Amino acid sequence: MVISAMLRFPNAAAMEIMALAGVDMVIIDNEHYPFNEETIIDLVRAADIHNMACAVRVPNAKPARIAQIMDYGVDGILVPSVDTYEEAMTLVNAVKYAPVGTRGFCPITRAASYGFSKSASEYAEFANEHSVVMVQIETKEGVENLDRILSIPEIDCIDYGPSDLAASYGMPGHNDDPLVQRTVREIIEKARAAGKNVGEMAYTSQAVRELLEKGVRHISIGSDQQILSAGCRALLDAAK
């Protein structure tokens, strides 16, 4: 099982606190929040110090941007709303070096320890083996193309978003609708049968237990912003 958290504030101390608390992987949310190149590198360094995995959620699978982020030394990439096999393959190609993908090769980046630790060929092999590729299935189209997406060996994890799925099926806010719940079960069952990890967010201990019962093994406990907000509300309510 992998326990992750989202980082939405560009603060290395928040990254370190998550690592010290026992989070397995922090995902920098560069889909909804602004992070520049220097900030991402500093955050990755903070994760590395504590031997915690670090990935980045990007808005889309643009190869040049993904290649840059991978060169900073992140462990993986998460792309939202992957709807087709072609989109998923674009992501894989952007993350992986030849002969697996088409990522531009430079064996002296930070990810390659600036060329000090491995030969060029050793680094390429290591990077391909250890880089994590994650996609989010959030639309009806993504569900319809799920079988083809799951056929890609390099896809490691399928995350799903019940809220986005409900909206895609024309029922925003109705995550508990039977159609949405059937769709979620279908995603989990198919992904697990294909040997992929499956992920969703859970904000309470009860939600974590329910996800584990469903077969989810990548559990996100929310973001720094959500954890801070929830903690403040709880203490303020108790004080008042």
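Table for the structure above
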item	result
Tally, over the stretch 27-70, of residues that are aromatic (Phe, Trp, Tyr) and either under 16 Å from Val95 (Cα atoms) or open to solvent by 40 Å² or more (accessible area, probe 1.4 Å) (or both)	1
Residue check, Asn30 in contact with a strand residue (DSSP E or B) (Cβ under 7 Å, 6 or more places away or on another chain) and of a type outside the set (A, V, I, L, M)	yes
Residue in the stretch 73-92 that is without any contact (Cβ under 8 Å) to a residue 24 or more places away in the chain and over 16 Å from the mean Cα position of the chain (by Cα) present	yes
Candidate set from the stretch 112-142 (those that are hydroxyl-bearing (Ser, Thr, Tyr) and part of a loop (DSSP other than H, G, I, E, B)); member that is most open to solvent (accessible area, probe 1.4 Å)	Ser117
Flag if Val100 is under 26 Å from Glu200 (Cβ atoms) and either modelled with pLDDT of 95 or more or buried (at least 21 other Cβ atoms within 10 Å of the Cβ) (or both)	no
Candidates Asp156, Asp176, Asp147, filtered to the one that is of a type in the set (D, E, K, R) and within 19 Å of the chain's Cα centre (by Cα)	Asp156
Members of the stretch 211-227 that are within 12 Å of Ala5 (Cβ to Cβ), open to solvent by 30 Å² or more (accessible area, probe 1.4 Å) and over 13 Å from the mean Cα position of the chain (by Cα)	Gln225, Gln226, Ile227
Residue list for the stretch 196-210, restricted to those being open to solvent by less than 50 Å² (accessible area, probe 1.4 Å) and free of Cβ contacts under 8 Å to residues at least 40 places away in the same chain	Ala202, Ala207, Val208
In the stretch 152-195, residue most open to solvent (accessible area, probe 1.4 Å) [restricted to those that are of a type in the set (Asp, Glu) and either touching a residue at least 24 places away in the same chain (Cβ under 8 Å) or under 28 Å from His130 (Cβ atoms) (or both)]	Glu189
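Conditions tested, residue by residue: (1) among the hydrophobic types (A, V, I, L, M, F, W, C); (2) assigned to a helix (DSSP H, G or I).
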residue	(1), (2)
Pro10	no, no
Ala14	yes, yes
Ile17	yes, yes
Val44	yes, yes
Ala55	yes, no
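The values are calculated or read from the model by the stated rules, or taken from the named source; none is laboratory data. Because the structure is predicted, anything quoted here is derived from the model rather than measured. So basically every Cβ, Gly included, is an ideal-geometry build from the backbone, and we count neighbours across all protein chains shown. Surface accessibility is based on the protein's heavy atoms, side chains included, excluding ligands, DNA and RNA. Shrake-Rupley method; radii C 1.70, N 1.55, O 1.52, S 1.80 Å.
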